[in-house]
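Participant: Can you read through this structure? Questions will come right after.
Where a number appears in this text, it was derived from the coordinates with a stated rule and is not lab data. Not measured: the values here are computed from a predicted model. All Cβ positions, glycine included, derive from the backbone under ideal geometry; neighbour counts span all protein chains shown.
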């Protein structure tokens, strides 16, 4: 009897998540419908106008999709030179040592810092440095937001990559050593090829995190509704435009913001799907 | 199991008793819980006033600073007792909902804050402000700025305008002023809670804009006066309709409202003709329904709402306004509002006699 009860309870609990997810999608689609109907899905996605003029309101998602993709891509590029060495250190060179344990704990701690703290640090510390270096006169912009985002996603990329590097079988490595390979050669020719798709998937998941980051980006990106023409200029990401304008928006603008939310949801879902597929392939290998 | 259930029930009953117990206040009605939502601009003033009102009348007032537009939306959905708004409702907006009454609660201004090393006492005209925010004046040593400030050393640096990224009553008042003084601004950009500013960068809320200005050289931006006064950011003197350069202050803001006023108090006082008036001044309003019986509201709740508004119009509450960096209402606005409150009804019967 107990067994059946557990089964039912588990089933009910497990069912809640798909229902919630379905509900979110349903709500996003119904509320975004007005914007898609008014502008057309592809027109909305490819229009760079975001204009409030009453009577001839024009809302398009392109500046924000561009802003999100630019910040995310840059954050990924900035994050690799820091997260990959940490992963190598923890997962291969100093595997199982006290040093490695301390380093991985410290890196994981970075993930626990609230995003507002990163935002404030970026605003009061990093922004003046960017201004002092004459990189941009106003300090905020795509570059500033990306740098802070990069720090925020390092723990996600580093911990997961380290796990995949640890999983590389010792037999393979010992085989390579016995053939006279140096440590660098073992890493290049054995560890990376074997753990490669796992490392790749950990970066994909880190991207998923960077895509939706709101608070930090809103504080640092400059919040202008145009397509950024360089990495030092200001812009807006999909999450930050929603955070900025949701409070006062109604009717068509509200619907357009929700439509942007839906597009962000789809992009994040797609990226996560790629990550999941790659992890699966890593396990099989 | 039974024991736990019993203790939970006892606890629930105790909570319910405390919640419903309600102490009768001096008017002999039960203390009410009022809720409102809207403009963030008067929120610091409201926080103090609601606290004082609670001590005097025993009623609790909750106010959500969700922005003027959000407040009006909540009132339209009939889920609040009052809405706070920096912009009065237009005729079309009024036509789209049940009749409402506007009650001005205090006055404030929008100031032009700037960050220029070694420069203080900057003077600006409406036309020049419009040209800066339209991107037509791009350098601090532009001849139009130098002509206004001949004695100052203005640097040969680019101007970085800062504006609000969120929809805001502050933007509404600022662009209302620019639309009145600059035909160029009126045709190209117009007025509203969100406006397509062509240049500069944006930040969320008054704290955001003020933070960027404080931290970034060569910026200029518009900030609510209450925030600029409290934070002591340098701000510009602005030429009014009479050609006087006026710094924003409690006195110069109140002076802007000394002119004529319509009976329903819906008026813009930017670019005021009054002497010594600061030209970007504004009222902020509370908006309530004329017929107070909606969405299961009790008569006591309606009475408490009117008590609150009467209290805000009292000398006691108005004196608080300048303490928290707003300006008190002129006598005329108070008289008109007290008159307007008499038109508020419950089931068609006037609440105030």
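Participant: For residue A:141, all conditions in the list (1) touching a residue at least 60 places away in the same chain (Cβ under 8 Å); (2) within 11 Å of chain B (Cβ to nearest Cβ); (3) on the phi < 0 side of the Ramachandran plot hold save one; what is the number of the exception?
Facilitator: Of (1) touching a residue at least 60 places away in the same chain (Cβ under 8 Å); (2) within 11 Å of chain B (Cβ to nearest Cβ); (3) on the phi < 0 side of the Ramachandran plot, only one is false for residue A:141: (3).
Participant: Step by step: first the residues of segment A:226-256, then only those that are crowded, with 24+ Cβ neighbours inside 10 Å and closer than 12 Å to residue A:141 by Cα, then the one that is farthest from the other protein chains (Cβ to nearest Cβ). Which residue is that?
Facilitator: Among them, the one singled out is A:237.
Participant: Would you mind stating whether residue B:220 is in contact with a strand residue (DSSP E or B) (Cβ under 7 Å, 6 or more places away or on another chain) and more than 23 Å from residue B:332 (Cα to Cα)?
Facilitator: Yes, satisfied.
Participant: If you scan segment A:190-225, which residues turn out to be out of contact with any helix residue (DSSP H, G or I) (no Cβ under 7 Å at 6 or more places or on another chain) and more than 14 Å from every other protein chain (Cβ to nearest Cβ)?
Facilitator: Passing the criteria: A:192, A:193, A:196.
Participant: For the subset of segment A:90-120 comprising residues that are within 13 Å of chain B (Cβ to nearest Cβ) and surrounded by 14 or more Cβ atoms within 10 Å (Cβ to Cβ), which member is farthest from residue B:116 (Cα to Cα)?
Facilitator: Of everything passing the filter in segment A:90-120, A:119 is farthest from residue B:116 (Cα to Cα).
Participant: Can you pull out every residue in segment B:128-152 that is farther than 23 Å from residue B:201 by Cβ and either within 14 Å of another protein chain (Cβ to nearest Cβ) or in contact (Cβ under 8 Å) with a residue 12 or more places away in the chain (or both)?
Facilitator: Listed by number, the residues that qualify are B:148, B:149, B:152.
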